[in-house]
Amino acid sequence: MKTIKSILLGSLFALTSSAYAHEYKAGDLYIDHPWSKQVPPTSQVAAAFFNIMNHSNNGDELISASSPIAGKTELHAHMHEDGMMKMREVEKIDIPANDSQALKPGGYHIMFFNLKEVPQLGESFPLTLNFKHAGTVKVEVKVEEATYMPEDMKEEMMDHSKH
Ligand SMILES: [Cu+2]
């Protein structure tokens, strides 16, 4: 028999359709294709990535995030320290005026801890983003395969391989 808790958590997930564009707007900010890398069903952690375009003459900041799937949600950065890649929590993620900021593997990301239920491939889960100026926007994060890479990252790698 299903517990009430698992029924409630189960309803947080929905199958996403590729028929509609997966893009969100918060003021002058455009958030493109929020996605998460598939993790094992026993994982306690997951991460989310997306590109933010700022069509405003003023800079903005992503100041916090939250999701019902996680006990704790943090803004993270990856950085080189003593020759090693480490990740740590940051207070905010800057979004420059008339520019974009990419959250991607190896860079800035949203980190989920103490997962209450692990979203599986093909599912999506809600994420609330709080911006200093643009305010709050709720997006759906789509779970992608472990090998998934966004178009802009593919292009970056192609550029590097030319040199
Ligand atoms: Cu992290």
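Where a number appears in this text, it was derived from the coordinates with a stated rule and is not lab data. Quick caveat, the model's predicted, so the values are computed rather than measured. Don't worry about glycine lacking a Cβ; one is built from the backbone with ideal geometry, like all the others, and counts go over all protein chains shown.
Computed values, structure above
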| read-out | value |
| --- | --- |
| Long-range HN-HN contacts of VAL90 with modeled amide H, under 5 Å | LEU75, HIS76, ALA77 |
| Given charges at beta-carbon only (K, R positive; D, E negative), |dipole| of segment 22-163 in Debye | 380 debye |
| Coil-residue trypsin sites (Lys or Arg not before Pro) of segment 43-113, DSSP, other Cβ within 10 Å capped at 15 | LYS92 |
| In sequence order, calculated HN-Hα J values of segment 48-64 (Karplus, 6.51, -1.76, 1.60; Hz; x Gly/Pro) | 10, 9, 5, 9, 10, 9, 10, 8, 9, 7, 10, x, 9, 9, 7, 9, 6 |
| Sites MET84 and TYR30 - FRET efficiency at Förster radius 35 Å, r taken between beta-carbons, to 0.05 | 0.55 |
| Coordinate range along principal axes, alpha carbons of segment 18-84, Å, largest first | 39, 39, 22 |
| Hull shadow area, averaged, segment 24-146 [alpha-carbon convex hull, nm²] | 7.5 nm² |
